[in-house]
Amino acid sequence: MPAKLSSSSELSSVTDARTRTGPPVWVWAVLIGLAALAAFHRSTDPELWFHLGAGRSISQHGLPSQEIWSRGGHGQPAQLSEWLFHVALYQVHRIGGDFAIALWRIAWAAATMALAIRLAILLGAATWSTALLAPLLLSTARDGFEPNPQQILIAFLSFAVVRFEEARQGADHTRWLIPVQALWANLESTWAGGPIVAWIYAATAWIDPWRSRRAANAESSTPANVPASRMATWAALGLVLWAASAIVPQPLQSLANPFAFLRGAFDPMGWLHEGRMWSWNADRAEPFTAWILLWLIALAAGGRRMWKESPALTVIAMGGMVLGVLAFRYRALAAWTSFAAIAVALVPRGPLLARAALAIPAAAAFAFGVFGLVTWPQSFGPHPRLEPVPVAAAALAESLHLEGPMLNTYSQGGYLLWARGEKHPPFIDGRGRGSLEFRSLYARSLTDQFSLDSLLDQQNFNYMVLQPPQSTEDRLAVNIARRLEWGLIFYDDSGLLYTRWNRLQAITDPRAYRYFTPDYFGMLTLTEQARADSGLRIRLEAELQRARAASPAHSRASMWLGLMALGREDAQSAVKYLDEAYRIAPQMPGLALRQAMAHEMMGDARGAIAAYRRALRDDEDRELAEHSIRQLQGH
């Protein structure tokens, strides 16, 4: 019967023996470096700005007792479940700017990968197959490498699992999770994960003596049993961790809603995709689909081994995978929690043919993971991407000293808080603070004219900062454009600034666009009319040129200038403006087809074919693009 491990040195000797055929240390160091590199990309998380704005507010004025970061939630208790994360991220930014936040993300990503490798080593799965899984892991978890609390969740959860696995094989130091839990509860709203992990290990502790007896009969080198008393000890530890989670500014509110994080962000239009379930039609080319397939292969090939090695880890991995399938925002969590379990299942064993068969999924995962990382559209760099936020519109509102109630697009509320501070809070942000009736009316006003009328009647807005329409269902900016009491004084790809004409006439009169509008079909009608009306054409082009000069994010203005030139068969101008729009916004629907027509009109067959091939990605343009390519190629 194997001897019971009684010291960390014995644990190290067994671990070394179990992994002596694995990769050298430098391979694991490379994987940690690869995780750090994967986190060094330009952030697209819209909630970054809310964290910075809330952190600045707390740092300067202390913790608020009531909601002050959005008008919709005024009067409600402050939401402080992540207050320490806000403050920490703001202080990091204050000290080192965007580069310091990039280092923050890199550090969390590297630490999480190091914990994942440590867990694989503890479970005797630190093999070459495990190393081959890492690129697919990073490719699947890439959306989690953002400056948001999810990085905290994954790292803290991984740390807790490592501590319990170490305790199963040697001395029990899980008591050190108590201060970590108190820190977790102030950083991240998913603090309930700590006690849940403890209770999962407690509930499965009784299996370990049974497993050890079976292992002894088979003369296995499986680690020694966990004492039966650990079940009671870890169950009690879970209660202590739950109690430690009360060391927060709002203990009763926090403890009463331990699973509030499952609601996710307020996203009625689904722009963030956080709540979207996995589906074959939408996700078949995504890395997470490959990870699901890998998980199923691991269950079939080594599910029993996975369960025997660590029942608790298997339960945690299954729970993570279920969450990842149910909601997009948990895919990174699913990948990290299931990594070690998959590695255990795919450890090479048995005859040569069986070992080769187990290596095939790992090799395929490596190939697909490398491809996913290489083709990832995110660009490297420390600075966040500013396309989704109304930088210029907010700056103009600040320079004009616009005050009073402001209507805004919910996804941009966090940036508006950061840009203008709590003295000029947004109407709403991604948290969706406010009553159920308020959130419902706002959500309906995004698409419905009558709901918008009700919202405007109830509120007394002075100005608006709105996102340009993102789809045909997104009607808020279009419906506002059709109301004569509002003047559009700024328009770029990221933000529209409207002012109430009768209250801010001195500001609105000299700046308002009389023709340029976010209404796509309205602009189509104007450009058609401009072909026969030279006076309208001159005035419309003057406004488009003004918008083009006002901001570097002017793809829509350039597109309309290009379409007007295309309509009057001015090929040179059409190519100039449409190519310019493509450089600014290459994913704009319908742009590639018009760009191809302009190049064809100018006689540039090569450029036209290249643009027509890009147009093949749009379902509505595919048939015409295919026909045009055949004609240009002489088929």
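Where a number appears in this text, it was derived from the coordinates with a stated rule and is not lab data. Fair warning: this is a prediction, and the values are worked out from it, not measured in the lab. FYI the Cβ positions are ideal-geometry reconstructions off the backbone, even for glycines, and counts take in every protein chain you see.
A few remarks follow.
- Amide H contacts under 5 Å for SER189: none, restricted to partners 5 or more places along the chain or on a different chain, H placed in the peptide plane at 1.01 Å from N.
- Mean Cα-pair separation over length for region 271-366, i.e. relative contact order, pairs under 8 Å, 6 or more apart, %: 33 percent
- Antiparallel bridge percentage (DSSP; both residues within the chain; nearest 5): 80 percent
- C-alpha center-to-center spacing [region 77-112, region 496-521] in angstrom: 38 Å
- Mean-position separation - Cα centroids, region 412-442 and region 123-170, in angstrom: 35 Å
- Counted by Cβ distance under 13 Å from GLU82, the other residues give a net charge of -1, where Lys and Arg count +1 and Asp and Glu count -1.
- Loop-located trypsin sites (Lys or Arg not before Pro) in region 397-461 whose Cβ has at most 12 other Cβ within 10 Å (DSSP): LYS423
- Relative contact order %, region 520-632, counting alpha carbon pairs below 8 Å whose residues are six or more apart: 16 percent
- The alpha-carbon atoms of region 397-508 define a convex hull whose volume equals 103 cubic angstrom per residue.
- The chain, helix-only ellipticity at 222 nm - DSSP H runs n ≥ 4, -39,500 (n - 2.57), divided by all residues, nearest 500: -19500 deg cm²/dmol
- Under the combined filter of DSSP loop state and at most 15 neighbouring Cβ atoms within 10 Å, region 272-316 retains these trypsin sites (Lys or Arg not before Pro): ARG276, ARG284.
- Student exercise, the chain dipole from Lys, Arg, Asp, Glu Cβ charges, in Debye to nearest 20: 1520 debye
- Centre-to-centre separation between the Cα atoms of region 328-389 and those of region 447-470: 43 Å.
- Taking other C-beta atoms within 10 Å as the exposure proxy, VAL162, VAL197 rank VAL162, VAL197 from fewest upward.
- Fewest-first ordering of MET464, MET597, MET523 by other beta carbons within 10 Å of each residue's beta carbon gives MET523, MET597, MET464.
- Electrostatic bookkeeping for ALA298 treats Lys and Arg as +1 and Asp and Glu as -1; over the other residues with beta carbon under 15 Å from its beta carbon, the sum is +3.
- Angle between the chain longest axis and helix 287-309 axis [Cα atoms, degrees, rounded to 10]: 10 degrees
- Where only C-alpha atoms are counted, convex hull volume of the chain per residue in Å³: 171 Å³
- Shown for THR314, THR517, THR447: other C-beta atoms within 10 Å of each C-beta, ranked fewest to most, produce the order THR447, THR517, THR314.
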